[in-house]
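Presented below is the structure to which this report refers.
The values are calculated or read from the model by the stated rules, or taken from the named source; none is laboratory data. This is a predicted model, so every value here is computed, not measured. Every residue, glycine as well, gets a Cβ built from its backbone with ideal geometry; the counts of neighbours run over all protein chains shown. Keep in mind that these areas ignore ligands, DNA and RNA; they rest on the heavy atoms of the full protein, side chains included. Shrake-Rupley method; radii C 1.70, N 1.55, O 1.52, S 1.80 Å.
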Amino acid sequence: MKNIFTLVLLVFFIFSCSTPQKTFITDDIKYFNENNIEISKTKFYEELSANHLLSSAYIKEGLRFHKKLILGRQEEGDITNLPLFKNLIETRTNQKLDDTKPIVIIYYPGKDPCNMSGTATRKSKERSYNKLEKGLEEIAQIKPIYIYKDNDGLEDYESISFYKDPDGMIERLFFREHYPCMSFVVVDKNGHFRSYFGEFPYEYVWETTKLMLDDKKL
């Protein structure tokens, strides 16, 4: 009887260790409008669906990801100190940037309910980013630079070289909120940029790069 009891405990222990642990807490999630005023979940999604100018971001609190409405999905502007910007990237990535070409940055903010959900596998993610890179090579003969804020979860992108955000510069300049999944920004040779917040199809990166090559401000 004692041996049976011990065996049951051992099986229970092994099962507990092998069962995936819950990554995020999904209860008690709060919702905020673009003015940081808490609203109901129903009101949040009503406003999000009714106003095409609104998108959403996360507010991280421990293992909870509260949701906040953001005015705008894109941003455009100019980098005031382009030489410093390029120098920090070159130092971090150990590569020389071409002053005649745009810079494409794919930004990973850290693990969140968006980039940890879905059915994509490592292989499918690799194929997707290979296609993204092939398109950029054809358009501008460049490769994207992959930057992360928090590398938790990047094991699913083991074939891609990600670099730590140098001094938090990319976050401060372009991605001040935690946008779902990943975001991207394209900077032209003169320091003019266009960023896109949150999950995106790679065609958006191609189209934005084409615009920046032609020095077209939107």
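Which trypsin sites (Lys or Arg not before Pro) does the range 178-212 hold that lie in a coil by DSSP with at most 12 other beta carbons within 10 Å? Filter output for the range 178-212: empty list. Each residue of the range 140-154 is assigned a 3J(HN,Hα), and the resulting list reads 9, 6, 9, 10, x, 9, 9, 10, 10, 8, 10, 7, 5, x, 6 Hz, derived from the Karplus form 6.51 cos²θ - 1.76 cosθ + 1.60 (θ = phi - 60°), x at Gly and Pro.
Computed in the context of the full set of protein chains, the accessible area of the range 99-218 at 1.4 Å probe radius has 45% of its extent on carbon or sulfur. Put simply, the amide H of Phe184, placed in the peptide plane, has neighbours under 5 Å in Tyr107, Tyr196, Gly198, leaving out anything fewer than 5 places away on its chain.
Do any trypsin sites (Lys or Arg not before Pro) in the range 64-145 lie in a loop, going by DSSP, with at most 12 other beta-carbon atoms within 10 Å of their beta carbon, and if so which? Don't skip to the end; give the middle numbers.
Working: sites: Arg64, Lys67, Lys68, Arg73, Lys86, Arg92, Lys96, Lys111, Arg122, Lys123, Lys125, Arg127, Lys131, Lys134; in loops: Arg73, Lys96, Lys111.
Filter output for the range 64-145: Lys96.
Spatial offset of the range 159-218 relative to the range 36-95 amounts to 12 Å, using the alpha carbon center of each. Take every Cα pair under 8 Å whose residues are at least 6 apart in sequence, average their separation, divide by the length of the chain, and the relative contact order is 22 percent. Once the chain from Arg127 to Ile37 is taken as fully extended at 0.36 nm per residue, the excess over their C-alpha distance is 28.3 nm. For the range 91-192, rounded, prolate or oblate, judged on the Cα gyration tensor with a ≥ b ≥ c (square roots of eigenvalues), a/c < 1.5 rounded, else prolate if a/b > b/c? Here the range 91-192 falls in the oblate category. The long axis of helix 202-213 is offset from the longest Cα principal axis of the chain by roughly 20 degrees.
Name the long-range amide H neighbours of Tyr163: under 5 Å, sequence gap of 5 or more, or other chain; modelled H, no Pro or chain starts. Answer set, sorted by chain and number: Tyr146, Ile147, Tyr148.
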